[in-house]
Amino acid sequence: MSGVRIANVGKAFPKEDGTVTQALEGVNLEIGDTEFICLVGPSGCGKTTLLRIIAGLETATTGSVTVDDRAVTGPDPKRGMVFQEYSLFPWRRVIDNVAFGLEMKGVPREERWRTADHYLDMVGLSQFRDAYPFELSGGMRQRVAIARALANDPDVLLMDEPFGALDAQTRNRMQKELLFLWEQTKKTIVFVTHSVDEAVYLSDRIIVLSPRPGSVQEIIVIPWSRPRDRTSAEFAEVRRKVLRMIDESENAQ
Amino acid sequence: MNLQTQKRLLGVAALAAVAIIWQIIAEYVVGRSFILPSVTDVASAFASLLGSGTLLADTMVSLEHFGIGMLAALLLGVPIGILMGWFRVADFLLDPIIEILRPIPPLAWIPFAIIWFGLTTQAAGFVIFAGAFFPILTATYSGFRDVPRVFVEAGKVLGCDSSFELIRYVALPAAVPAIASGIRIAMGVGWMCLVAAEMFGVSSYGLGYQLWHNYYLHQMPNVVVYMLILGLTGLIIDRIFRNYVDKQLLRWRAGEVA
């Protein structure tokens with residue numbers, strides 16, 4: 001079981017003038033094992049902050065996050081993260097980027113390379129194992145970043161707008177590949193995006209957050225099998241519904 | 001003819017032209033070797049110095065002074081730069097001290113170098129250290145301050161669970177380009193300090209000492225020989241370092257860095 005339980009999580013950032021910005025307030029959410037959920041919401045609603053709290057990179061001001069009934073107190077390789085910015089270590093070859101987490105665990109080189117090769121193969125970049133990140137395109141870099149997170153065999157994969165910087169075509173292809181990886185590895189995925197289209201295409205449930213201070217406004221279950229047809233009427237209908245929800249809450253501000 | 005050979009040929013031609021013009025001015029316009037030694041004066045001075053065998057010995061002594069100073073600057077500058085760049089308390093604590101010491105010109109340390117170390121290689125090394133330490137320190141410091149946050153966070157979520165691991169596996173490699181260019185600057189400063197230190201009597205050997213000694217002897221062609229050797233050796237050290245950095249340390253970077 002790799003469920004994530006978010007209970008009454010709030011986050012306040014201190015400002016320079018002494019007051020605070022309340023980014024999140026009273027967020028309650030349960031994420032099931034092997035579930036794929038997307039966090040969407042108007043910009044500034046704290047979806048990235050929520051993801052970073054789950055990762056342990058930020059500490060919640062109130063409430064708690066537990067993964068497998070263990071409280072999150074700090075970053076841990078059991079919760080893999082893929083960042084929006086390119087985060088590969090440019091001084092390491094692709095293979096040693098993927099093997100980084102295993103190296104930190106003290107796994108011997110041969111063994112960690114075997115594991116890294118496996119995940120590199122899974123994202124289809126075996127032929128780039130000895131390349132440096134600067135030799136890769138944006139989409140390839142994010143695929144390596146995903147392989148790097150998976151190589152640690154995390155319970156949960158946290159993704160912060162990982163395809164945000166990619167062009168539309170690459171983005172669609174990456175979404176397809178991510179679903180393939182998800183089906184193969186059976187990870188729980190929490191995916192932050194500002195693209196509703198992406199959320200409808202990918203997730204089991206879409207979590208719509210309200211504007212700041214962010215809290216769960218609406219949960220939309222998407223029961224369809226995959227791969228999904230973006231051009232279908234029902235797809236467009238759900239997308240329209242979510243977009244309107246975000247729009248209205250933003251205008252109500 | 002490709003661009004590379006064209007560049008080389010033109011470079012050689014320019015140097016030859018300078019030598020010819022120099023020779024003509026020295027011989028026919030100035031006419032006194034004491035004011036401006038000619039190319040041939042310098043060449044024969046070089047030949048006789050080479051014959052006496054002191055050239056190589058003095059070069060080695062200077063390199064030893066330089067090596068001591070640079071090594072000490074590296075051994076202290078990099079770790080202190082890391083501490084100040086990574087730990088805020090260390091930054092707050094050490095910054096005022098550094099800021100007061102840094103503007104002191106390295107050559108102002110020469111009296112104390114002599115008093116503390118006597119006329120030894122360490123004394124000369126100390127002056128070079130005084131010049132090379134701060135560029136290395138500040139480059140390491142800013143290299144560490146500029147490590148992208150996402151690298152540090154990636155390191156954390158991938159299992160670096162101590163400052164030591166984050167420094168060793170993330171921040172230090174990320175800061176290597178900055179540190180390398182700091183070292184290059186430090187070597188330039190250190191090389192200048194070397195000549196001054198030896199000239200001011202910190203040492204009775206070395207290229208800088210010989211340059212000054214020959215000035216007292218009014219052997220101006222010899223002075224030019226030492227000037228040229230100092231320039232050339234500095235150039236070679238810089239080239240070797242840059243080559244090493246680009247080929248070995250920074251293969252992961254596209255293009256020239258240091």
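The values are calculated or read from the model by the stated rules, or taken from the named source; none is laboratory data. Since this is a predicted model, take the numbers as computed values, not measurements. Here Cβ is always computed from backbone atoms with ideal geometry, including for glycine, and neighbour counts include all displayed protein chains. The area values use the complete protein model at the heavy-atom level, side chains included, leaving out ligands, DNA and RNA. Shrake-Rupley method; radii C 1.70, N 1.55, O 1.52, S 1.80 Å.
General observations
- Residue that is farthest from B:SER181 (Cα to Cα) [pool: residues in the stretch B:218-258 that are within 14 Å of chain A (Cβ to nearest Cβ) and open to solvent by less than 40 Å² (accessible area, probe 1.4 Å)]: B:TRP252
- Sole residue being among the polar types (S, T, N, Q) and modelled with pLDDT of 95 or more, chosen from A:ASN97, A:ASN172, A:ASN152: A:ASN97
- Residues that are aliphatic (A, V, I, L, M) and within 12 Å of another protein chain (Cβ to nearest Cβ), drawn from the stretch A:92-135: A:VAL94, A:VAL98, A:ALA99, A:LEU102, A:MET104, A:VAL107, A:ALA131
- Set B:TYR215, B:TYR209, B:TYR169, B:TYR205: member being open to solvent by 30 Å² or more (accessible area, probe 1.4 Å) and within 14 Å of another protein chain (Cβ to nearest Cβ): B:TYR169
- Positions within the stretch A:149-167 being under 15 Å from A:GLN84 (Cβ atoms) and within 13 Å of chain B (Cβ to nearest Cβ), in sequence order: A:ALA149, A:LEU157, A:LEU158, A:MET159, A:ASP160, A:GLU161, A:PRO162, A:ALA165
- Pairing each residue of the stretch B:81-107 that is under 18 Å from B:ALA132 (Cβ atoms) with any residue that is part of a loop (DSSP other than H, G, I, E, B) and among the aromatic types (Phe, Trp, Tyr), provided the two are 6+ apart or on different chains, yields C-beta distances under 9 Å for B:LEU107/B:PHE200.
- The residues on offer are A:GLN84, A:GLN142, and the sole one that is within 13 Å of chain B (Cβ to nearest Cβ), part of a loop (DSSP other than H, G, I, E, B) and over 23 Å from B:LEU172 (Cβ atoms) is A:GLN84.
- Enumeration of residues in the stretch B:87-127 that are farther than 30 Å from B:SER163 by Cα and aliphatic (A, V, I, L, M): B:ILE104, B:LEU107, B:ALA108, B:ILE110, B:ALA113, B:ILE114, B:ILE115, B:LEU119, B:ALA123, B:ALA124, B:VAL127
- Residue in the stretch A:212-222 that is charged (D, E, K, R), part of a loop (DSSP other than H, G, I, E, B), over 10 Å from A:VAL40 (Cβ atoms) and open to solvent by 40 Å² or more (accessible area, probe 1.4 Å) present: yes
- Search result, residues across the stretch A:1-46 that are among the β-branched types (Val, Ile, Thr) and either surrounded by 14 or more Cβ atoms within 10 Å (Cβ to Cβ) or not in a loop (DSSP other than H, G, I, E, B) (or both): A:VAL4, A:ILE6, A:VAL9, A:VAL20, A:THR21, A:VAL27, A:ILE31, A:THR34, A:ILE37, A:VAL40
- Of the residues making up the stretch A:66-84, none is over 21 Å from the mean Cα position of the chain (by Cα) and under 30 Å from B:GLN248 (Cα atoms).
- When B:PRO177 is tested against (1) surrounded by fewer than 24 Cβ atoms within 10 Å (Cβ to Cβ); (2) within 14 Å of chain A (Cβ to nearest Cβ); (3) at pLDDT 95 or above; (4) within 22 Å of the chain's Cα centre (by Cα), exactly one condition is not met: (3).
- Single residue of the stretch A:1-33 satisfying the filter (of a type in the set (Val, Ile, Thr) and without any contact (Cβ under 8 Å) to a residue 12 or more places away in the chain) that is farthest from A:ARG70 (Cα to Cα): A:THR19
- Within the stretch A:59-81, the set of residues being within 28 Å of A:GLY139 (Cβ to Cβ) and more than 8 Å from chain B (Cβ to nearest Cβ) comprises A:LYS78 only.
- Among the candidates A:GLU183, A:GLU237, A:GLU250, A:GLU177, the residue that is under 12 Å from A:PHE36 (Cα atoms), of a type in the set (D, E, K, R), part of a helix (DSSP H, G or I) and open to solvent by 10 Å² or more (accessible area, probe 1.4 Å) is uniquely A:GLU183.
- Close contacts from the stretch A:34-45, counting a first residue that is closer than 17 Å to A:PRO162 by Cβ and a second that is assigned to a loop (DSSP other than H, G, I, E, B), with Cβ to Cβ under 6 Å and a gap of 6+ residues or different chains, come to A:PHE36/A:SER203; A:PHE36/A:ASP204; A:ILE37/A:SER203; A:CYS38/A:THR193; A:CYS38/A:SER203.
- Check on A:THR49, more than 11 Å from chain B (Cβ to nearest Cβ), under 13 Å from A:GLY214 (Cα atoms), part of a helix (DSSP H, G or I) and in contact (Cβ under 8 Å) with a residue 40 or more places away in the chain: yes
- The condition of being away from every other protein chain (no Cβ under 14 Å), under 22 Å from B:LEU63 (Cα atoms), in contact with a helix residue (DSSP H, G or I) (Cβ under 8 Å, 6 or more places away or on another chain) and among the charged types (D, E, K, R) holds for B:ARG184.
- Options B:LEU9, B:LEU50: the member that is surrounded by 10 or more Cβ atoms within 10 Å (Cβ to Cβ), part of a helix (DSSP H, G or I) and modelled with pLDDT under 90: B:LEU50
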